[in-house]
1. Which one is surrounded by the most Cβ atoms within 10 Å (Cβ to Cβ) among residues in region 225-245 that are more than 11 Å from the ligand (Cβ to nearest atom) and farther than 15 Å from P209 by Cβ?
2. Under 21 Å from A257 (Cβ atoms) and in contact with a Gly (Cβ under 7 Å, 6 or more places away or on another chain): is that true of V79 in this structure?
3. Pick out the one residue from L248, L220, L261 that is within 12 Å of the ligand (Cβ to nearest atom) and either aliphatic (A, V, I, L, M) or assigned by TED's automatic domain parsing to the domain that holds L191 (or both).
4. Report yes if A173 is among the aliphatic types (A, V, I, L, M), crowded, with 18+ Cβ neighbours inside 10 Å, more than 17 Å from P116 (Cβ to Cβ) and away from the ligand (no atom under 12 Å from the Cβ), otherwise no.
5. Across region 6-31, which residue is farthest from F259 (Cα to Cα) among those that are modelled with pLDDT of 95 or more and of a type in the set (S, T, N, Q)?
6. Please tell me if L214 is more than 16 Å from the ligand (Cβ to nearest atom), crowded, with 16+ Cβ neighbours inside 10 Å, closer than 22 Å to C119 by Cα and not charged (D, E, K, R).
Amino acid sequence: MQYAGVISAPGKNSLSPAFQQAAFDHLGIAVKYEHWPTPADGLETRVVGLQAPDVLGANVTIPHKEACLPLVHDYDPLVRRVGALNTIHNDDGTLRGYNTDVEGFLRPLKDAFFEPRGCTAVIAGAGGAARAVVIALAEAGAARIAVVNRTLERAERLVSDLGAAVKPLQLVAAPDSRDSWQKAAAEADLLVNCTSLGTAGTPEEDRSPMPANLLRPQALVYDLVYQPAETRLIRDAREAGARTIGGLPMLIYQGAASFKLWTGRDAPVDIMFQAAEAALAAEDAS
Ligand code: NAP
């Protein structure tokens, strides 16, 4: 038996064990995929432990994605560009870091026949997910991105950290104000929620980062929040006649890319979707 797992903050739930285990079981690969809640002061020990011969690797989630960089032996150029990793592969004792959030974000756009090349996008949020989305859209040839965030300094930091590396893409920071939204939403082909607003079981569950009456039917609205499946933003966007993408496909596709790095095999994506949806339904019922 081999092992893999997801390294998260203590007390945080993760869907990864449900859909990754389903994928290993479906392909008859003898791997047990576990949940590894880890406090910040236990992260180094946890990562060093991944070198054990019976460990395939790990997924890494908030808040450890940046802190893992100095703990692995080497990492992919994409990890350097984003400044965060979400996957570690134990390659015979050498720990290699990858960022599959970038691929995870782009695949649902492709499935929706959205062409990012030359697009104008607005991103709500300036945390780790927003950084991965900016790099993903830059790799895909987007023309302009406005990053709107509650804490303007954080959006400005994102722009100063990534701005030079993503040229010729034009990257600007904007405060979370009606004026910003009015301007950004009028121009945007793509609106992405990279904040946690709308997440089930939080005081912000019924909130959206974007004013509903500014959503245009021509835009594609992409919410990274995956629980609930229909967030307030997704509901507002549908009512405005816009096309939508929820957060579950990105979660599955980033996990599928991690699976391929560990096993060399294509992940059974349909099986992963089914397992994740069943786990979400079970959580909703409890
Ligand atoms: P993070 O680094 O903690 O950033 C959180 C962002 O949300 C910040 O921009 C923060 O603004 C904003 N925010 C939080 N509460 C807010 C509020 N009450 N009002 C306005 N803005 C608020 O987290 P992250 O890693 O970027 O993740 C962001 C979200 O994306 C999470 O919900 C996460 O689950 C989701 N996500 C989904 C996937 C997927 O595969 N579907 C992958 C990655 C992340 P401030 O800077 O002002 O605090």
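1. Going through region 225-245, the residues more than 11 Å from the ligand (Cβ to nearest atom) turn out to be 228-230, 232-244.
Pick out the ones that are also farther than 15 Å from P209 by Cβ and you get 228-230, 238-239, 241, 243.
Values: P228: 18, A229: 16, E230: 12, R238: 14, E239: 10, G241: 11, R243: 15.
This residue is P228.
2. Details: under 21 Å from A257 (Cβ atoms): yes; in contact with a Gly (Cβ under 7 Å, 6 or more places away or on another chain): yes.
Answer is yes for this residue.
3. Values: L220 fails: within 12 Å of the ligand (Cβ to nearest atom); L261 fails: within 12 Å of the ligand (Cβ to nearest atom).
Going through L248, L220, L261 in turn, just one is within 12 Å of the ligand (Cβ to nearest atom) and either aliphatic (A, V, I, L, M) or assigned by TED's automatic domain parsing to the domain that holds L191 (or both): L248.
4. Working: among the aliphatic types (A, V, I, L, M): yes; crowded, with 18+ Cβ neighbours inside 10 Å: yes; more than 17 Å from P116 (Cβ to Cβ): yes; away from the ligand (no atom under 12 Å from the Cβ): no.
Considered against the rule, which asks whether it is among the aliphatic types (A, V, I, L, M), crowded, with 18+ Cβ neighbours inside 10 Å, more than 17 Å from P116 (Cβ to Cβ) and away from the ligand (no atom under 12 Å from the Cβ), A173 comes out as no.
5. Per the stated criteria, the residue is S8.
6. On the way: more than 16 Å from the ligand (Cβ to nearest atom): yes; crowded, with 16+ Cβ neighbours inside 10 Å: yes; closer than 22 Å to C119 by Cα: yes; not charged (D, E, K, R): yes.
It is true that L214 is more than 16 Å from the ligand (Cβ to nearest atom), crowded, with 16+ Cβ neighbours inside 10 Å, closer than 22 Å to C119 by Cα and not charged (D, E, K, R).
The values are calculated or read from the model by the stated rules, or taken from the named source; none is laboratory data. Nothing here was measured: the structure is a model prediction, and the numbers come from that model. All Cβ positions, glycine included, derive from the backbone under ideal geometry; neighbour counts span all protein chains shown.
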